[in-house]
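Encoded as structure tokens, the structure appears first; notes follow it.
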Amino acid sequence: MGAKMVDFAGFDMPVHYGSQLEEHHQVRQHAGIFDVSHMVVVDVLGAGARDYLRHLLSNDIDKMGHRGSALYSCMLNEQGGVIDDLIVYFIDTQHYRIVLNAGSAQKDLAWMESQAQHFALGLQRRDDLSIIAAQGPETRTLLDRLNDPFITDTIHTIGRFECALGENLFIARTGYTGEDGFEIIIPNRDALALWENLSAIGFKPCGLGARDTLRLEAGYNLYGQDMDESTSPLISNLAWTIAFQPEDRFFIGKNALLAEKEHGVQQKMVGLVLTDKGVLRSHQRVVLADGKEGMTTSGSFSPTLGQSIALARIPKGDYEDCEVIIRDKPYKAKIVKPPFVPFNSSQKH
């Protein structure tokens with residue numbers, strides 16, 4: 001389909017299908033599809049699945065009050081550093097599904113297996129499955145054109161962060177763009193036909209470039225860039241993913257996070273909007289009014305705002321403005337709270 005391919009986590013991935021800018025606007029204003037089959041699906045199966053995941057993850061899966069719920073969480077090491085961020089889906093009391101980032105999947109699985117030894121469960125890596133993300137305000141209207149009873153019923157009944165499992169189809173109302181949409185997990189043998197059908201009914205293919213600018217505008221972290229094993233959720237704008245209550249639930253990294261809180265969290269993650277002309281990238285110095293410094297973690301031009309934006313980790317404090325050092329020169333920026341672009345109004349129900 002005319003994609004420009006690049007290496008990404010050992011996969012050949014489309015960075016764009018002609019125009020990253022057009023693909024970005026397509027998802028914000030209409031609907032696009034992303035092939036995200038490089039991400040790794042893992043099914044957690046067995047009677048010990050719930051107890052295992054309550055031990056493994058910083059968020060508490062008991063928040064998922066019913067089958068068909070989904071939960072965003074971090075998976076931490078003993079020091080409170082982020083091994084990965086992920087979504088866990090509650091299919092059944094003995095069946096949970098996790099989707100891992102491709103670049104960290106091998107170490108994730110090794111960690112998960114090492115922590116599973118004392119629980120009655122099995123971990124099943126599902127390399128037989130592909131994932132297609134359909135995203136944008138027109139997604140449901142277009143998906144109706146498939147005339148598939150299960151798809152039609154599902155997309156009109158599940159809420160955000162909910163999912164449904166059909167005979168050969170798993171649909172979740174989740175995504176990484178800041179728009180409403182669905183992630184469809186399907187057997188590899190059926191994925192190409194679905195992709196072609198989605199293209200035929202009006203979805204436009206989109207690549208990694210648009211995926212990155214969309215997620216940045218939405219204020220979503222990118223693993224390995226905005227957080228990793230050396231940073232805790234408390235300094236990565238992810239404190240909301242930590243469930244310290246109930247107190248009797250122990251999860252890996254909990255003691256380290258409690259100690260960090262008791263000592264006083266020293267940094268925070270913020271958004272930057274460049275007011276001078278220039279381009280924000282990762283690993284640029286951020287100089288605050290009192291002389292303290294931070295660092296950008298992700299940065300790009302925002303097609304929606306028409307300005308350069310970034311996520312940055314800076315010292316705790318009340319700051320409104322800063323300077324970013326680009327090629328040894330200071331550029332003025334405003335400090336804001338992400339997201340940079342409000343969620344689409346269709347997401348509010």
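At-a-glance table
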{"read-out": "Qualifying residue in region 243-250 (condition: over 17 Å from Q225 (Cα atoms), in contact with a Lys or Arg (Cβ under 9 Å, 6 or more places away or on another chain), modelled with pLDDT of 95 or more and of a type in the set (K, R))", "value": "yes"}
{"read-out": "In region 153-196, residue farthest from the chain's Cα centre (by Cα) [restricted to those that are basic (K, R) and farther than 13 Å from T139 by Cα]", "value": "R189"}
{"read-out": "Any hit, region 311-323, residues being closer than 22 Å to A239 by Cα and without any contact (Cβ under 8 Å) to a residue 12 or more places away in the chain", "value": "yes"}
{"read-out": "Residue within region 318-329 that is buried (at least 16 other Cβ atoms within 10 Å of the Cβ), farther than 30 Å from D180 by Cα, among the acidic types (D, E) and in contact with a Phe, Trp or Tyr (Cβ under 9 Å, 6 or more places away or on another chain) present", "value": "yes"}
{"read-out": "Residues of region 181-209 classified as crowded, with 20+ Cβ neighbours inside 10 Å, touching a Leu at 6+ places or on another chain (Cβ under 8 Å) and part of a helix (DSSP H, G or I), total", "value": "1"}
{"read-out": "Single unsatisfied condition, A102 versus (1) modelled with pLDDT of 95 or more; (2) within 24 Å of V27 (Cα to Cα); (3) not hydroxyl-bearing (S, T, Y)", "value": "(1)"}
{"read-out": "Exclusive hit being surrounded by 17 or more Cβ atoms within 10 Å (Cβ to Cβ), at pLDDT 95 or above, of a type outside the set (K, R) and touching a Ser or Thr at 6+ places or on another chain (Cβ under 7 Å), set G299, G271", "value": "G299"}
{"read-out": "Number of positions in region 217-258 that are over 19 Å from the mean Cα position of the chain (by Cα) and within 18 Å of I309 (Cα to Cα)", "value": "0"}
{"read-out": "Members of region 190-219 that are acidic (D, E) and either outside the structural domain of L129 (by TED's automatic domain parsing) or closer than 18 Å to G271 by Cα (or both)", "value": "D212, E217"}
{"read-out": "Whichever residue in region 212-266 is of a type in the set (S, T, N, Q) and not in a loop (DSSP other than H, G, I, E, B) and, among such residues, is farthest from G175 (Cα to Cα)", "value": "N255"}
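The values are calculated or read from the model by the stated rules, or taken from the named source; none is laboratory data. Note that this is a predicted model, so its numbers are computed, not measured. Glycine gets a Cβ as well: all are built from the backbone with ideal geometry, and neighbour counts include every protein chain shown.
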